[in-house]
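Novice: Can you keep this structure in mind? I'll have questions shortly.
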Protein chains: 4
Amino acid sequence: MPGSSFGTLFRITTWGESHGRAVGVVLDGCPAELALTEYDIQKELDRRRPGQSRASTQRTEADRVEILSGIFEGKTTGTPISMLIWNRVAAGAVAKKLLQHFGVEVAAFVTELGGIKSRTDSVDLAELRARVEANPIRCPDPNAAMRMMEQLDLVRQEGDSLGGMVTIIARGVPPGLGDPVFDKLDADLAKALMSLGAVKAVEIGAGIGCAGMRGSEMNDPLRMEGGKIGFEGNNAGGILGGISTGMDIVCRIAVKPTPSIAKKQHTVDLAAGMDAEIEIKGRHDPAIPPRMVPVAEAMVAIVLADHLLRQRMSRL
Amino acid sequence: MPGSSFGTLFRITTWGESHGRAVGVVLDGCPAELALTEYDIQKELDRRRPGQSRASTQRTEADRVEILSGIFEGKTTGTPISMLIWNRVAAGAVAKKLLQHFGVEVAAFVTELGGIKSRTDSVDLAELRARVEANPIRCPDPNAAMRMMEQLDLVRQEGDSLGGMVTIIARGVPPGLGDPVFDKLDADLAKALMSLGAVKAVEIGAGIGCAGMRGSEMNDPLRMEGGKIGFEGNNAGGILGGISTGMDIVCRIAVKPTPSIAKKQHTVDLAAGMDAEIEIKGRHDPAIPPRMVPVAEAMVAIVLADHLLRQRMSRL
Amino acid sequence: MPGSSFGTLFRITTWGESHGRAVGVVLDGCPAELALTEYDIQKELDRRRPGQSRASTQRTEADRVEILSGIFEGKTTGTPISMLIWNRVAAGAVAKKLLQHFGVEVAAFVTELGGIKSRTDSVDLAELRARVEANPIRCPDPNAAMRMMEQLDLVRQEGDSLGGMVTIIARGVPPGLGDPVFDKLDADLAKALMSLGAVKAVEIGAGIGCAGMRGSEMNDPLRMEGGKIGFEGNNAGGILGGISTGMDIVCRIAVKPTPSIAKKQHTVDLAAGMDAEIEIKGRHDPAIPPRMVPVAEAMVAIVLADHLLRQRMSRL
Amino acid sequence: MPGSSFGTLFRITTWGESHGRAVGVVLDGCPAELALTEYDIQKELDRRRPGQSRASTQRTEADRVEILSGIFEGKTTGTPISMLIWNRVAAGAVAKKLLQHFGVEVAAFVTELGGIKSRTDSVDLAELRARVEANPIRCPDPNAAMRMMEQLDLVRQEGDSLGGMVTIIARGVPPGLGDPVFDKLDADLAKALMSLGAVKAVEIGAGIGCAGMRGSEMNDPLRMEGGKIGFEGNNAGGILGGISTGMDIVCRIAVKPTPSIAKKQHTVDLAAGMDAEIEIKGRHDPAIPPRMVPVAEAMVAIVLADHLLRQRMSRL
C-alpha cells in the first residue's frame, strides 16, 4: 500500500530502501525558481562523519548525490526533483534551502548520552551549530561531550551500547503554521521524528515533564518585551493547539541504544527450535544519537517546508 | 489546505470543528458488510462521564450521534458513513468494530496523575477495562486512583490543575502491520496521539526511558515458550522498525495540566499594551487524562484499522 | 475504497448519494476571505428548472442548501465548508465564486438535440447566458431551440427519448494551468465530465473531428493582433500539451438518451430465467442535456478552481 | 504541485519527463508475490516499432529498461518498483501482468486513419493482436491497413500529416469495478486516455454517436444466452453508471494529426513582433495512432489494475 510517500504539498517518494541496487528520492512540489545545486545537498551528506576534517575523507560512490531531474541552470523548475543517493538527508537539504528563503533555520544536537546530560545555554543558532560540529558526539556542551566520549569508550569495550536524547530547534517559524484538526504541526513533527529508526519517544516543549506539572507552572505567561508581546518561557515548545506560536519550536527524541551489540544475548535457534545464545561480530557504532542529528534536522525541515507551503495556499 | 482528512484507506474527514452549527464526520473506506448500528457508536460517546451510572444520566442533544449515510439494514454498505456528532470518538467506534472483526482489542487507562503513579499488573483486557470504568479517574489501580482523587480535590481548591500520563494497549495485532519507510506504525500512532489537544509527548514501549539504557538491557531477547517463539520483555512496545511484532502494542502519552485555571496568572492587556494579571472564572476540570482515555483509544483504533486494511491490500 | 473525494487542493468529499437520508458535501481547501453566502449557492440550485419564472416556483425542502460550517460573517474561513443539499451543483457554486475572483467565467449550453444542431455565433458570455436561460432547452440558438422542442414533444408521445451534445466554454483562464505529466488540464476535465451520468464522450477543441483532419488544417497558427500574439483558430480548445494556452477552453460532451423510456423493450424475467418484455411506467424526462448544463458548468468550474490554486502553489 | 502521481492504490510517480538526464518511474502499491522480470517490461517496450522483425532491430541504450528496486528473485516484494526507462509503457507492463493474474486482457488497435475506417469483426483477442502486429499501421483489417499506408505515403510527400482513431478493448473485466461517485471507471479511463499527448476526444461504447440516438436504440437489452443473462449489444461499452458490467470495455480515442509538419505554416516572428511563415525541417512521423497503440493499452491496464485492487479492498 502506498506508504512510500511523505508530505502533502512538499512530497517525497522514495524507493530502493537499503536492499535495492540504488536508493532514490523523488521530491515533488518544490516551487520553481529556488536556487539549488548538487553542492547544497552534498554538504548535508558530508555531515555524516562528525568531528573529522572533511578534506581528508575519501568520498566513496555511496556518498555522492546525483540529481537526475527538476533542476535547470542552478534553479528548481517546479517539476519533480529526482535524486540518486544513499541517505535521506537529501530531501531535507532541499527543504532547508526553501526554509532559508523564508527565514527559518533548523538545528539539532545531542543533549543526553548514556545518562550524561548536556547543559545548553541559549545561544544563537550559528554558534550552536559551530559547537555541535566541533566534537564527534555532536553535543554543544564541550564538558559533557568529553564525558560522553569516555563513557562511550567504556561501553564499546564491554561490547554494549548507549541510548540518548537529541534536541531539534527551529527558529524563525512564522505563527499560524499547522492545521487545527488533523495535520497539526506537532502531530506531523511527531510522525516524522518517530519515523526515524531507533526513536522510541517524541517530546514537544516540556514534553513528558508536563505529566508532573501543575497548570500554574506549565502555562507560558504573556509578557511585554520592548513594546512587543512575547511568551515568558516556552513550555509549549512553540506549538499551541497544533499551531506554531512564533516562538522557537523545540522537539526532543529518545534514541534507543544500538541493538547490534557484541555482548552475548539470549535468542532462539530457529533450526533446533531451542533457546540459544548469540554474539554478534563486527564493528558496531555503540551510539546512534550523533548520526541522528542531521537526519532529525532533515525531517523537521521537511515538515516545516510542507506546512509553510500549505499556509501560503490557504490564503486568497 | 486539505488537512481535515486522516488515514489512507480508512479515511476520516471532519468539518464544523467546535465553532460551527454542527460537527460532522465522513468516514470513507470502511469495507461493506460490517455489522454496525448507532448504538455501537452511542456506547462509546456515553463513556465520556466516567464512574457514573449511565441510566441516571440525562442525555442531551449534543451527546447523540446520528448516522446519515453508509449503513443499510444494520450493515455498512461500503460507501461513505456520514455522522453528525459532537465527539470524535464516533469514527473510533467504527474502527473498533472493524478491529474486533479481526480479533484486535484496544484499551486505554490513566497511569499517572499529579505525580502519583499506578501499578498496573498484567491482566486481561476485559478485567482491565472493568477496573478502569470503576472509578472516575479511569485508573486501573484502585489505591492509586484514590490518592489521585484526593490530590485532585486539593488542587481544585487551589485553583490549579494537574498533568498526567495515559497508557494505551492494543492486543491481538497481527505481526507485519506498518510500512517500512514513511507510514511506519509507530510514526502513525505518534501523529494520531500527538493530534490530541494537551498531549506533549508520545512514547512507544520503553519510550523515553531508553535514552538511559544500554543495548543489553533494551533488547527483548527471543525465547521458546510452549513450543512457540516469543519475546522476553516488550521494551519495543510491540513495534520494531516501524512494523508490528505481534506482541502488545504499548503507547504512553504525557497530558499537560488544564491551562484554564482559576489562579491568578501573568498576561498582557492588549488594549493598554501592558503587563497585567488574569483570573479565569467558571468551573474547570482540573485534569484532562480521564477524559483522554476514550479519545486515545479511538485514535489508536483508527490507525490500526487503516493499517490492517493496508496490510490486506499489499498481498496478491 | 476512498473514491468519494475529488480534486487535489480544492477538494470535495460527498456522502449520502441518492439513497441516504440526506446528501452532503464537504469542501476542503477553499482559501479564506472569499465572500460567500447561501444565496450564492442557492441561485445555482434554482437553475435546475430552465425557462420558468423563478418567483412562481414553489421551492421544496429538497431544493434548499444549508451551509453547516466554514463560513463566518459572509466569508470563507479557510476550514472545510460543509453543506447539506440535494444537488452537487453546490460545490461548483463555490468554485465559480473563486474563479470570478480570478477573472474566469464558465458557461455551458445545449448545442445538439435529437440530431438538430444549434448555430452558435461567438458572443460574449453574458449574452450567451441570457439566451441560454431564455428557453427550456438551454440552447442559445432560438430557431434550433424551437425545432428541438417540437422533436422532443414527438418523441415523448412515442414513449422514447433523445440524446444530445452540451458545450462548455471557460473564458479568462490564464495560460499555464495544468500539470504537464499526469494531471493535465484536459485529462482532469475529461474525468470530471465523464463522471456525469449519461455522458459517453468528451471532446476538447476540434475533438473527434481531428481524426479526419490533416496537420495543416488542425494547427492553430500564431498571428499578431493589435500588437499582441494570439492564435488564429482554436482547434486546440484552449489546451496544448495538457496546459491552458489562454484562449477559451472549449469542451463538448455527448449525452445519451434517457434510458427509462415508456416504449416496450426486451429484458430478462429473472424469476423465470426467460426472455421477456418490459414497459416502464411514469413520466420520464425525454432529454437529459438541458439539465446537464448547470452540472457540466459546475464540474468544469471545480477543475479550473483546483488548477488555479495549484498554479499559485508552484511559484516561490 | 504534486501532479506527477497517478492512481490510488496502484500508484505511479514519474520524473525527468523528456528534458532530464534520465526518465524514471516509481510504481507503488503492486502486491507482493507477482512474478515479474525485466523481460516482461522489455517486450512491451519493443512493440514501439510495429511490423518489423524484432531480431534484426538494434536495441539502443534508450530502449532498455532497468529495474532498480522492488523485485527479488523474479517476484515483486510489495515495496516500490523503481524503473529507469524512456517510455511510460513500463508501468503498464506491470499492470498487464497483474491483470493477467486476474484473467483480464487488454488490446488496442488503429480503427481509422486519414478518413479510412477499418472493419473490425469480433474476433478473439489473441487473433486480433496477431493481426494488429502484422502491419506497421497496427490496423487489424488488412485491406484498410493497405489503403491507410498509401494515404500516408501521399501525405508524407505533401509535407502534411494525418489524424486517426484508436480503439481499446478490455476483456474479462469483472462486474462491479469503479466507484459510483467520483472515481467512476469511465471517468478514470477518460482521464488516463486524455492524458496522452495528441488525444482530443475519448469515447466509451457508442460514444459521440449516442448524441444522435433514441433511447430505444441506445439501451442494451438483457437476453438469455445458454442459460446465462447477457446484454444484447454493448452501446454502454461495458460501463453503466460508472461501474463495469462484465461486458467488454470499449474505448475509442481521437488522435490529432502530427503538429510538426514540413508544409509552410503561419506563425509569428517573436524578435520582429510580426507575422511570418515557418517550415519545420527534419523527418516527421506523419501519423501518431500506430505508436499510440501500446501506450493506450498501458494506460487502460493501469486504470483497471488500480480499480481491481480497490474492489478487493472494499470487501470485508
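The values are calculated or read from the model by the stated rules, or taken from the named source; none is laboratory data. In this text, all values refer to a predicted model and were calculated from it rather than measured experimentally. Note that we place each Cβ from the backbone using ideal geometry, even for glycine, and neighbour counts take in every protein chain shown. The protein model used for the area step is the full one, side chains on, heavy atoms only, and it has no ligands, DNA or RNA in it. Shrake-Rupley method; radii C 1.70, N 1.55, O 1.52, S 1.80 Å.
Novice: Which of the residues belonging to the stretch C:169-219 are more than 7 Å from chain D (Cβ to nearest Cβ), assigned to a loop (DSSP other than H, G, I, E, B) and open to solvent by 30 Å² or more (accessible area, probe 1.4 Å)? Let's see the steps before the verdict.
Specialist: Pass one, the stretch C:169-219, residues more than 7 Å from chain D (Cβ to nearest Cβ): C:169-178, C:185, C:189, C:192-193, C:196, C:198-199, C:209, C:217.
Next, from what is left, pick out any that are assigned to a loop (DSSP other than H, G, I, E, B): C:172-178, C:196, C:198.
Once the filter is applied, which keeps residues that are more than 7 Å from chain D (Cβ to nearest Cβ), assigned to a loop (DSSP other than H, G, I, E, B) and open to solvent by 30 Å² or more (accessible area, probe 1.4 Å), the stretch C:169-219 yields C:172, C:174, C:175, C:176.
Novice: It is to be established whether one or more residues within the stretch B:137-160 are touching a Pro at 6+ places or on another chain (Cβ under 8 Å), among the polar types (S, T, N, Q) and touching a residue at least 12 places away in the same chain (Cβ under 8 Å).
Specialist: no
Novice: Filter the stretch C:220-239 down to residues that are closer than 27 Å to residue D:155 by Cα, out of contact with any helix residue (DSSP H, G or I) (no Cβ under 8 Å at 6 or more places or on another chain) and within 9 Å of chain D (Cβ to nearest Cβ), then give me how many there are.
Specialist: Result for the stretch C:220-239: 5.
Novice: Farther than 30 Å from residue B:308 by Cα, in contact with a Pro (Cβ under 7 Å, 6 or more places away or on another chain), at pLDDT 85 or above and not aromatic (Phe, Trp, Tyr): which single residue out of B:242, B:215, B:246 fits that description?
Specialist: On the way: B:242 fails: farther than 30 Å from residue B:308 by Cα; B:246 fails: farther than 30 Å from residue B:308 by Cα.
Result of the check over B:242, B:215, B:246: B:215.
Novice: A further question follows. Among (1) more than 8 Å from chain B (Cβ to nearest Cβ); (2) at pLDDT 90 or above, there is one condition residue A:279 misses while meeting the rest; what is its number?
Specialist: Evaluating residue A:279 over (1) more than 8 Å from chain B (Cβ to nearest Cβ); (2) at pLDDT 90 or above leaves (2) as the failure.
Novice: Now, a different point. Mind checking which residues of the stretch A:16-29 are within 7 Å of another protein chain (Cβ to nearest Cβ) and at pLDDT 75 or above? Outline the logic, then answer.
Specialist: Taking the stretch A:16-29 as the starting set, the residues that turn out to be within 7 Å of another protein chain (Cβ to nearest Cβ) are A:16-17, A:20-22, A:24, A:26, A:28-29.
A:24, A:26, A:28, A:29, listed by residue number.
Novice: Would you tally the residues in the stretch A:220-234 being open to solvent by less than 40 Å² (accessible area, probe 1.4 Å) and either assigned to a loop (DSSP other than H, G, I, E, B) or at positive phi (or both)? Step through it out loud before you land on a result.
Specialist: Taking the stretch A:220-234 as the starting set, the residues that turn out to be open to solvent by less than 40 Å² (accessible area, probe 1.4 Å) are A:220-221, A:230.
Now drop any that are not either assigned to a loop (DSSP other than H, G, I, E, B) or at positive phi (or both), which leaves A:220-221.
Final tally of qualifying residues: 2.
Novice: Let me ask something additional. Name every residue in the stretch B:269-293 that is of a type in the set (A, V, I, L, M, F, W, C) and surrounded by 21 or more Cβ atoms within 10 Å (Cβ to Cβ), in order of residue number. It would help to see each step written out before you state the result.
Specialist: Initially, the stretch B:269-293 is screened for residues of a type in the set (A, V, I, L, M, F, W, C), giving B:270-272, B:274, B:276, B:278, B:280, B:287-288, B:292-293.
Listed by number, the residues that qualify are B:287, B:288, B:292, B:293.
Novice: Considering the stretch D:243-266 alone, what residues qualify as being in a loop (DSSP other than H, G, I, E, B), facing chain C (nearest Cβ under 7 Å) and under 21 Å from the mean Cα position of the chain (by Cα)?
Specialist: Residues of the stretch D:243-266 in a loop (DSSP other than H, G, I, E, B): D:245-248, D:256-264.
With the extra rule that they be facing chain C (nearest Cβ under 7 Å), the set shrinks to D:256-259, D:261, D:263.
D:256, D:257, D:258, D:259, listed by residue number.
Novice: For the structure I just gave you, tell me whether residue A:291 is more than 9 Å from chain B (Cβ to nearest Cβ) and at pLDDT 85 or above.
Specialist: Values: more than 9 Å from chain B (Cβ to nearest Cβ): yes; at pLDDT 85 or above: yes.
Judged against the criteria, residue A:291 is a match.
Novice: For the stretch A:276-297, enumerate the residues that are in a loop (DSSP other than H, G, I, E, B) and either closer than 18 Å to residue A:253 by Cα or among the charged types (D, E, K, R) (or both). Let's see the steps before the verdict.
Specialist: Residues of the stretch A:276-297 that are in a loop (DSSP other than H, G, I, E, B), as a first pass: A:279-286, A:288.
If the condition is that a residue be in a loop (DSSP other than H, G, I, E, B) and either closer than 18 Å to residue A:253 by Cα or among the charged types (D, E, K, R) (or both), then A:279, A:281, A:283, A:285, A:286, A:288 are the ones that fit.
Novice: Kindly list the number of the only condition in (1) open to solvent by 50 Å² or more (accessible area, probe 1.4 Å); (2) touching a Pro at 6+ places or on another chain (Cβ under 9 Å); (3) within 26 Å of residue D:145 (Cβ to Cβ) that fails for residue D:266.
Specialist: Tallying (1) open to solvent by 50 Å² or more (accessible area, probe 1.4 Å); (2) touching a Pro at 6+ places or on another chain (Cβ under 9 Å); (3) within 26 Å of residue D:145 (Cβ to Cβ), residue D:266 fails exactly one: (3).
Novice: In the stretch A:109-147, what count of residues is obtained for those that are surrounded by fewer than 17 Cβ atoms within 10 Å (Cβ to Cβ) and aromatic (Phe, Trp, Tyr)?
Specialist: Going through the stretch A:109-147 one residue at a time, the tally reaches 0.
Novice: Okay, moving on. Only one of A:173, A:166, A:181 is modelled with pLDDT of 95 or more, of a type in the set (A, V, I, L, M, F, W, C) and within 20 Å of residue B:202 (Cα to Cα). Can you tell me which? Spell out the reasoning first.
Specialist: Numbers: A:173 fails: within 20 Å of residue B:202 (Cα to Cα); A:181 fails: modelled with pLDDT of 95 or more.
After applying the criteria, what remains is A:166.
Novice: Can you tell me how many residues in the stretch A:70-106 are polar (S, T, N, Q) and either open to solvent by 10 Å² or more (accessible area, probe 1.4 Å) or in a loop (DSSP other than H, G, I, E, B) (or both)? It would help to see each step written out before you state the result.
Specialist: The first filter runs over the stretch A:70-106 and keeps only residues polar (S, T, N, Q), leaving A:76-77, A:79, A:82, A:87, A:100.
If we keep only those that are either open to solvent by 10 Å² or more (accessible area, probe 1.4 Å) or in a loop (DSSP other than H, G, I, E, B) (or both) as well, we get A:77, A:79, A:87, A:100.
Residues meeting the conditions: 4.
Novice: Moving on to the next point. Determine, yes or no, whether residue C:140 is of a type outside the set (Phe, Trp, Tyr) and more than 30 Å from residue C:264 (Cβ to Cβ).
Specialist: On the way: of a type outside the set (Phe, Trp, Tyr): yes; more than 30 Å from residue C:264 (Cβ to Cβ): yes.
It is true that residue C:140 is of a type outside the set (Phe, Trp, Tyr) and more than 30 Å from residue C:264 (Cβ to Cβ).
Novice: Looking only at the stretch D:122-142, how many residues end up being among the charged types (D, E, K, R), part of a helix (DSSP H, G or I) and more than 15 Å from residue D:292 (Cα to Cα)?
Specialist: So in the stretch D:122-142, the residues among the charged types (D, E, K, R) come out as D:124, D:127, D:129, D:131, D:133, D:138, D:141.
From what is left, the residues that are part of a helix (DSSP H, G or I) are D:127, D:129, D:131, D:133.
This time we only want the ones that are more than 15 Å from residue D:292 (Cα to Cα), so: D:127, D:131.
Total meeting the criteria: 2.
Novice: Spot the failing condition for residue A:156; the list is (1) over 23 Å from the mean Cα position of the chain (by Cα); (2) open to solvent by 20 Å² or more (accessible area, probe 1.4 Å); (3) farther than 29 Å from residue B:237 by Cα; (4) of a type outside the set (Val, Ile, Thr), and only one is missed.
Specialist: Of (1) over 23 Å from the mean Cα position of the chain (by Cα); (2) open to solvent by 20 Å² or more (accessible area, probe 1.4 Å); (3) farther than 29 Å from residue B:237 by Cα; (4) of a type outside the set (Val, Ile, Thr), only one is false for residue A:156: (3).
Novice: Of the residues that sit in the stretch D:294-316 and are among the aliphatic types (A, V, I, L, M) and open to solvent by 30 Å² or more (accessible area, probe 1.4 Å), which one is farthest from the other protein chains (Cβ to nearest Cβ)? Spell out the reasoning first.
Specialist: Here is the first cut: in the stretch D:294-316, the residues among the aliphatic types (A, V, I, L, M) are D:295-296, D:298-305, D:308-309, D:313, D:316.
Still in the running and open to solvent by 30 Å² or more (accessible area, probe 1.4 Å): D:295, D:316.
On the way: D:295: 14, D:316: 4 Å.
Applying the filter and picking the extreme gives D:295.
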